[in-house]
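The values are calculated or read from the model by the stated rules, or taken from the named source; none is laboratory data. Quick caveat, the model's predicted, so the values are computed rather than measured. Cβ: placed from backbone, ideal geometry, glycine included. Neighbour counts: every protein chain shown. Surface areas here come from the heavy atoms of the whole protein model, side chains and all, with no ligands, DNA or RNA. Shrake-Rupley method; radii C 1.70, N 1.55, O 1.52, S 1.80 Å.
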Amino acid sequence: MDRTLAADLARLPDLLDATRRAAAEALAALDARPVVPDAGAAAPPAPEPLPEHGTGTEAALEAFRSRWQPRFSASAGPRYLGFVTGGATPAALAGDWLTAAHDQNSNSAFDGAGQHLERETTGWLRELFGLSDAHTGTFVSGATMSNTVGLAIAREWLGERLGVSPAEDGAAALGPVRVLSGAPHSSIAKALAVLGLGRASLVRVPTLPGREAVDPAALDRALADTPGPAVVVANAGTVNTVDFDDLPALDALRRRHDFWLHTDAAFGAFAALSPRHAHLTAGLDASDSVCVDLHKWLNVPYDSAVQFTRRRDLQTRVFQNAAAYLGPLGDDPDLVHLTPENSHRLRALAAWFTLRAYGRAGHREIVERDVDCARALAGELEREPALRLLAPVRLNVVCFTLATAPTPERLAALREAAGAEVFVTPTVYGGTPALRAAFSNWRTTQADVRRAAEALRTAAKGIA
Ligand SMILES: *Cc1c(COP(=O)(O)O)cnc(C)c1O
C-alpha cells in the first residue's frame, strides 16, 4: 500500500473527525458569509499540477479549505434564493455521509439490501405525494433525469400504440412524434434531444390569459389536430410563477384523445404535504409518469430525484440490462433494469434519513414556512416603489422586476449589489426581464426575509 494511504488508514477516525469539524465550521459560518462571493473572490485559483506524490487527507483538507472553500457560495444557507435550491437537513446530511461510508451499489438482488432500502423510501415518498400504489418509484440523479426517464417510458408507450418498440428498433420507428405542453421546463427539450425524439417535437400549447398554466381548451384543440397517439407534459409548478396545470381537466381529455400524461412536479409536488396547498396537486395520481426532485424541497444534498410511473413494464422494456452476471427480470425487476444507470450510489439513504427523522409533519412545516416566507417577501417588495411584482405568489416563488427600465443589465446590477445578502436568479416572464426569489431551504425564516428584502430594496433604490 502507498505509504501515505497506509498512514491515512491508520488514522482514519482522526481524519473523519477533522472533516466533521471542517464541515461544522463551514455550516456555522453560513449565516455570516456572503451568500455569493463577488466575481473576483469566486474566480478560480491559480492552477495546481497533479501531485506526483500526495501528502494525505489532512493536507488535502487544508488545501481545499484555503483554495476552494472561500470561493463557494452559501447555497446550503437560508438566503440563497436562486433557481430552486434546497439545503440539507441535519438528518439528510448524516444519511449522505453514511452513503459514502457504506458505499453500496444498490442495483441488484445479488446484494439486495440497498435496493430494499430504496424501495422502502420510494414507498414513503409515494405516500408523501398522495400517489396510489399503482405508481412505482425509482431514484435518479435529478429532475432532468426524472423527466428523461418518464419521457423514455412515454416513447415506449407510443411504440406500444403503434405496434413497434423504440427500445428495440430505434426512435425512428415511431415516425413524427408530438409532445404537447403549456410552459415546459427547459429540461423537457433536453430530454427529447437525448431520447431521439428531437427538440422540435415539442409543441407549445397556449396558456390561460396571464398565466403559465396550459389552457385545457387549447390543449383539446391541439390534440384533435395531432394524428395518432401523443404525449402531454403537464406542469405542476412552473419555475417563474409556480403555476399548476389543471390536472383533473387534463385527465378528462383522455376520454376523447389518446395520450401519455407525464407531469413535471419537480418541486410543486411538495404542495401535497400541506392541507393549505394540496389542492394544487389534485389529480397528480392520474399521471402515467411523474417527476419529483428531492434535492430541492425535500432538502437532501444534490444528486437526488424520484421518477414515478404506472407502467413499470414499459420502463423495464427501455432500461433492461441483459448480462450474464445480472438476475432475470422477474416481477420485481432489479433497479439496474429501471434507470439509465447501472451502478449507482445508495442515494435513497439521505431521503430515508430525513423522512425517518422528521416525518410528514416535519417536512410539511418546512414547506409551509417557505411559502409564508415567499408571501412575506412579496409583501415587502410590493411596498418598494422601485420594484414591481410580476405575478401573485402562488406558492414559494416571488417573480419581480424593476419598476422602471427593467433591462437585463440593470437587473444584473441589482443582483450583484444585493449578492452578499441574498442570491436571486434572472428570468424573463411575459416578455419582461425579471428576477426570481425561490424559497425551498429548511433554514429560512422571517428574519432572513427581512434581511433579503432590505438588501433588494437598497440595491433597487441604488440603481433606480
Ligand atoms: C429544477 C427543475 C427541473 C430540473 O431539475 P434538475 O434537478 O436541475 O435536473 C425540471 N423541472 C422543473 C419544474 C424544475 O423546477
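Take the conditions at pLDDT below 95 and not hydroxyl-bearing (Ser, Thr, Tyr) and apply them to Gly163. Does it pass?
For Gly163, the condition - at pLDDT below 95 and not hydroxyl-bearing (Ser, Thr, Tyr) - is not met.
Can you give me the number of residues within the range 97-116 that are assigned to a helix (DSSP H, G or I) and either open to solvent by 40 Å² or more (accessible area, probe 1.4 Å) or within 16 Å of the ligand (Cβ to nearest atom) (or both)?
10
Does the range 57-70 contain any residue that is closer than 30 Å to Arg3 by Cβ, of a type in the set (S, T, N, Q), within 25 Å of the chain's Cα centre (by Cα) and in the same structural domain as Arg450 (by TED's automatic domain parsing)?
Yes, some residue in the range 57-70 is closer than 30 Å to Arg3 by Cβ, of a type in the set (S, T, N, Q), within 25 Å of the chain's Cα centre (by Cα) and in the same structural domain as Arg450 (by TED's automatic domain parsing).
Just one of (1) within 13 Å of the ligand (Cβ to nearest atom); (2) surrounded by fewer than 21 Cβ atoms within 10 Å (Cβ to Cβ) trips up Ala269, so point out which.
(2)
Pairs under 7 Å by beta carbon, first residue open to solvent by 20 Å² or more (accessible area, probe 1.4 Å) in the range 182-196, partner of a type in the set (Val, Ile, Thr) and more than 8 Å from the ligand (Cβ to nearest atom), six or more apart or different chains?
Matching pairs, first to second residue: Ala183/Thr207; Val194/Thr148.
Within the range 150-160, restricting attention to residues that are open to solvent by less than 10 Å² (accessible area, probe 1.4 Å) and more than 16 Å from the ligand (Cβ to nearest atom), which residue is nearest to Pro184 (Cα to Cα)?
Looking at the filtered set, the residue picked out is Ile153.
Got at least one residue in the range 9-31 being more than 21 Å from Glu58 (Cβ to Cβ), at pLDDT below 95 and over 25 Å from the mean Cα position of the chain (by Cα)?
No - not one qualifying residue is present in the range 9-31.
May I ask you to list the residues in the range 358-377 that are open to solvent by less than 50 Å² (accessible area, probe 1.4 Å) and not charged (D, E, K, R)?
Gly359, Gly362, His363, Ile366, Val367, Val371, Cys373, Ala374, Ala376, Leu377
If you go through the range 79-96 one residue at a time, how many are open to solvent by 10 Å² or more (accessible area, probe 1.4 Å), more than 15 Å from the ligand (Cβ to nearest atom) and not hydrophobic (A, V, I, L, M, F, W, C)?
2
For the structure I just gave you, tell me whether Asp264 is assigned by TED's automatic domain parsing to the domain that holds Ser165, within 12 Å of the ligand (Cβ to nearest atom) and modelled with pLDDT of 95 or more. Outline the logic, then answer.
Values: assigned by TED's automatic domain parsing to the domain that holds Ser165: yes; within 12 Å of the ligand (Cβ to nearest atom): yes; modelled with pLDDT of 95 or more: yes.
The answer is yes for Asp264.
Out of Pro216, Pro206, Pro229, I need the residue that is of a type outside the set (A, V, I, L, M, F, W, C) and closer than 18 Å to Pro166 by Cβ. Which one?
Unique residue meeting the criteria: Pro229.
In the range 129-149, what residues are within 11 Å of the ligand (Cβ to nearest atom) and out of contact with any Leu (no Cβ under 8 Å at 6 or more places or on another chain)?
Result: Val140, Ser141, Gly142, Ala143, Thr144, Met145, Ser146, Asn147.
Can you say whether Glu212 is more than 16 Å from the ligand (Cβ to nearest atom) and not small (Gly, Ala, Ser), as far as the supplied structure shows? Before you say what the answer is, go through the steps one by one.
Working: more than 16 Å from the ligand (Cβ to nearest atom): no; not small (Gly, Ala, Ser): yes.
No: the conditions fail for Glu212.
Among the residues of the range 117-126, write down those that are touching a residue at least 40 places away in the same chain (Cβ under 8 Å) and either more than 16 Å from the ligand (Cβ to nearest atom) or not in a helix (DSSP H, G or I) (or both).
Scanning the range 117-126 gives Leu117, Glu118, Glu120, Thr121, Thr122, Trp124, Arg126.
Answer yes or no as to whether Pro227 is in contact (Cβ under 8 Å) with a residue 12 or more places away in the chain, more than 12 Å from the ligand (Cβ to nearest atom) and not charged (D, E, K, R).
No, not satisfied.
Ala173 passes all but one of (1) away from the ligand (no atom under 16 Å from the Cβ); (2) surrounded by 15 or more Cβ atoms within 10 Å (Cβ to Cβ); (3) in contact (Cβ under 8 Å) with a residue 24 or more places away in the chain; which number fails?
Every listed condition holds for Ala173 apart from (3).
Looking for something free of Cβ contacts under 8 Å to residues at least 40 places away in the same chain, assigned to a loop (DSSP other than H, G, I, E, B) and open to solvent by 40 Å² or more (accessible area, probe 1.4 Å) - is there at least one such residue anywhere in the range 64-72?
The answer is yes; a qualifying residue exists.
Does at least one position in the range 234-249 carry a residue that is within 16 Å of the ligand (Cβ to nearest atom) and over 19 Å from the mean Cα position of the chain (by Cα)?
For the range 234-249, residues within 16 Å of the ligand (Cβ to nearest atom) and over 19 Å from the mean Cα position of the chain (by Cα): present.
Go through the range 217-263 residue by residue and tally those that are open to solvent by 20 Å² or more (accessible area, probe 1.4 Å) and within 15 Å of Pro184 (Cα to Cα).
Matching residues across the range 217-263 total 2.
Of everything in the range 414-457, what is among the small types (Gly, Ala, Ser) and either crowded, with 18+ Cβ neighbours inside 10 Å or outside the structural domain of Arg388 (by TED's automatic domain parsing) (or both)? Give them in sequence order.
Selection gives Ala418, Gly419, Ala434, Ala437, Ala438, Ser440, Ala452, Ala453, Ala455.
To keep it simple, each residue is scored yes or no on (1) farther than 30 Å from Thr99 by Cα; (2) open to solvent by 10 Å² or more (accessible area, probe 1.4 Å); (3) part of a loop (DSSP other than H, G, I, E, B).
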position: Gln307; (1), (2), (3): no, no, no
position: Asp332; (1), (2), (3): no, yes, yes
position: Arg345; (1), (2), (3): no, yes, yes
position: Arg356; (1), (2), (3): no, yes, no
